[in-house]
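Derivation of every value follows stated rules applied to the coordinates shown; laboratory data play no part. Small disclaimer: the values here were computed from a predicted structure and weren't measured. Backbone-built Cβ (ideal geometry, glycine too); neighbour counts: all protein chains shown.
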Amino acid sequence: MGEASVDAIDDGTLRLTLRGEIDFTNAGEIHKTIREAIADRRPQVVLVDLAGVTFMDSTGISVLVDTMRAAAEVQAEFRVENPIPRLLDQLRTTGLAKAFGLT
Amino acid sequence: MDPLEDYRNRLADLDARIEEARSDPEVLLGRASGLLAGRAGCRVGEAHAYLLRLADEQGRQVHTLAADVLAAMEGRSGGGTSSLATAVDEALRPDPGRVHRQGERPPEPPTPEPPPADPAPAGDAWVQAVQRVLDTLPDRHILLLPRYDDTGRVTDYTFAAASPAVVDLSGRSGAQLLGRAMSEVYPTIMDGPIWEAWALTIDDGLPREVGPVPYVSPVERAPAEILLTVKVRPVGTGLLNTWIRHDEETRLAERIAQTERLGNLGWGEWDLVTGQILWSDGLYRIYERDPGQGPLPREETEALTVADDLPVRQQAAEAFGRGQAVDVTYRIRVSGHVKHIRAVVDTVRDSGGRPVKVYGIVQDVTAGETSRLRLTEVERQLSEHRQSLAAEHKVAVRLQQIVLPMPVGPIDLPGLRVAVRYLPAEQASRVGGDWYHAAPVGDGGVLLAVGDVAGHGIEAAAAMAQLRHALAALSVTTTDDPAELLTALNRLLFAGRHADAERSTLPVTATAVVARYEPATGRLVWARAGHPAPLLSRAGVTTELEPPEGPLLGAFPTAEYELAGAHLRPGDVLLLYTDGLVEHRHQSLDAGLAPVLTVLDHITAEPTSQPLADLLGRLRYTNPDDDTCILAARPLPARAGHDA
């Protein structure tokens, strides 16, 4: 799958790298990949790297929200990193920026 | 053992295979249908159906019927079925002696007898004769005549004749070399191994081959060193030299190897006369076999064919029997995995039409086949997906119409006129979860709201219905405070998600903006849950209201929503919208907002008699990806006017 890749780092960090446009066409698939990765590896930190994401619709935002919940379920810290300015705006508008560790 | 016997056996073996293919039930039926269609001038499919029906009527196996039909029709046309072996035997019988030479070794290249060394024509005449012969030959041949000194020792050689292909490293043609001395043209060759071979052959009259030997060219631009092999034969009083440049041979071989690698190609050759099988490096690669082991015997090669594809090979063998070149794609199992192989097989025949060699060019097309199959699978899934989307769309549209009937004209509420427009997404399947609410609440106030459920289809429409009805109910029974309402809606959506929590589905989240207007004071109190702030347009200037904190609905178990305030004056226009209005995939949110601001500026700068209708009329842009809900409101004068 091209839009999401999962890298486990030995110190217990699960790094999820998303790419391209995350929308209703691929959100379900990405959501599944992420859920499985978190369930399998039970990381201490879940980190979502958005550097390569150019667009997210509301279902894309739902994927992030669910990732946050999945991390909470395994008591992992959750952070989102490197959103492009437009995505950062979007995360501020939706009131998620703070919970995602973005200011 | 008689070599002809071997050849006959191989032909008989081929015949047996072709016969086996011909008697294959599917092949029989296919051929019979084809022939019948040709005779009757109908389509093959019709002929096929006809044969099936006929067999059914006659209570016979369709394959035996097909065999009968074939026998009858091919018998009449008098061709096609005679076996290779019979044809060859017939051809051989009349004059076995003659055929023994021609039939046995037809493709053998001409091996020129060594020219008689003795009776050399006197003077230049024989040299000219040699030149005329060389003129017709490919490759590089040079006739050298020795130069003797007074003691009878050979001191040098003269170029006496050369074939047209002779072009030396400095670009001189054979004709330019004629008459010149070896010591002058190629000084580095003197006293080398080739030079020695010449002397020996002149002595004993025996042909020699020298090389490969390195030849260092005195010419600067030429390759520093090339490898040469020279075949030396005595001709008349001179030496006929055939030169082979190995760098060219190597280049050619490398080019072939490169081509095989790039194209995943390999070629094989089966000599029916000698029985020899040759495989190229590429073929060994395709069959993952060590070249040291030699080619796989044909039976074993064929045994690798995937069982499902045996009929394909049968069809091919049958076509081959009819003298057609075969181009067939089938699967083989090599080292535990399946490869898709395309084979083009052709026969070399002698002048009598008898097959003497079978050539096959084989290509590993697995990569292409695999992606083609994957594409087909994806297309199938897409098609299924489309169908279920279409069905879902119908339900979603119906649900939305029931839950959210859109008013055609403006709604007059206490002190406020409201107009609403819903713009569905361009793509019909993307009917979404946008909603609005506009209704009076206690103390003469008015509650306005617009919301957007993430996602599309039935699930989104259901969540939209839940949120809207909950808001309507809560605002009448419990509270009309926008922040408290959003807190309640968040709890509702979050809990709803957990009630039917399935890990495989995305959580339902939603955004909303809720505002309470007090007509008596013109005061607007509002809160938002992850939603764009309302736009307020006044006298040609439109601003986005400063947004208070408030996360989207359904993300957190509990959430706090702040309140913000504003005042509406007569002539102002307030716009609540969902992000479909400004969110476009390939432009920034600001760029999407700009045209909306322009329209609003214009509406309040030069008010018309029905500003809301004009405004919504101009905001008709449809977002291809998302549906859009717009709610526009303007305060009515203390005494309700009659304009729209």
nm² value of the averaged projected area, convex hull over the Cα atoms of segment B:246-377: 10.1 nm²
Between B:V395 and B:A72, what is the label-to-label distance in nm when each label sits 7 Å out along the Cα-to-Cβ direction? 5.8 nm
Within segment B:569-589, which residues have the backbone N less than 18 Å from the label spot 7 Å out from B:V541 along Cα→beta-carbon, could you tell me? B:569-575
Nothing charged except the Cβ atoms of Lys and Arg (+1) and of Asp and Glu (-1): what's the magnitude of the dipole of segment A:3-94 about its Cα centre? Round to the nearest 20 debye. 160 debye
Going by how many other Cβ atoms sit within 10 Å of their own, how do B:V154, B:V326 line up, fewest first? B:V154, B:V326
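Just need the relative contact order of segment B:514-590 here, percent rounded to a whole number, with Cα pairs under 8 Å and 6+ apart. Don't jump to the answer; show the numbers that get you there.
Working: 116 pairs, mean separation 24.5, N = 77.
It comes to 32 percent, rounded to a whole number.
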Given R₀ = 51 Å, what would the calculated FRET efficiency be for B:L200 paired with B:H337, taking r from the Cβ atoms and rounding to 0.05? 0.30
Taking 0.36 nm per intervening residue step and subtracting the Cα-Cα distance, what contour gain separates B:E26 from B:E288 on full extension? 91.1 nm
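Which of the trypsin sites (Lys or Arg not before Pro) found in segment A:3-103 are loop residues per DSSP with 16 or fewer other Cβ atoms within 10 Å of their Cβ? Before the final figure, lay out the partial values.
Working: sites: A:R15, A:R19, A:K32, A:R35, A:R41, A:R69, A:R79, A:R86, A:R92, A:K98; in loops: A:K98.
The qualifying sites are A:K98.
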Between B:T329 and B:I244, what length in nm is gained on full extension when 0.36 nm per residue of separation is reduced by their alpha carbon distance? 26.6 nm
Of segment B:545-582, those with amide N under 15 Å from the point 7 Å along the Cα→Cβ vector of B:T521 are B:563-569
Suppose each label sits 7 Å from its Cα in the direction of the beta carbon; what would the A:T25-A:V6 distance come out to in nanometres? 2.4 nm
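Return B:E20, B:E269 ranked ascending by Cβ neighbour count within 10 Å, so the fewest neighbours appear first. Mind showing how you got there, number by number?
On the way: B:E20 13, B:E269 16.
In increasing order of surrounding Cβ atoms, one gets B:E20, B:E269.
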Once both labels are modelled 7 Å past Cα along the beta-carbon direction, what's the B:T274-B:V408 spacing in nm? 9.3 nm
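Could you line up B:M190, B:M182, B:M464 from fewest to most neighbouring Cβ atoms inside 10 Å?
B:M190, B:M182, B:M464
Subtract the Cα-Cα distance of B:S383 and B:T305 from 0.36 nm times their separation in residues, and report this length gain in nm to one decimal. Walk me through the numbers before you get to the answer.
Numbers: separation 78, 0.36 × 78 = 28.08 nm, distance 3.29 nm.
Extending this stretch completely gives an extra 24.8 nm.
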With θ taken as phi - 60° and the coefficients 6.51, -1.76 and 1.60, list the Karplus ³J(HN,Hα) couplings across segment B:458-474 in order, rounded to whole Hz; mark glycine and proline as x. 4, 4, 5, 5, 5, 5, 4, 4, 4, 5, 5, 5, 5, 4, 4, 5, 4
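Nearest 5 is fine: what % of DSSP beta bridges in segment A:3-94 come out antiparallel, could you say? Could the numbers behind the result be given before it?
Values: 6 of 20 bridges.
Counting DSSP beta bridges with both partners in segment A:3-94, the antiparallel share is about 30 percent.
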In whole angstrom, largest first, the equivalent ellipsoid semi-axes that the Cα gyration tensor gives for segment A:3-94 are 20, 13, 12
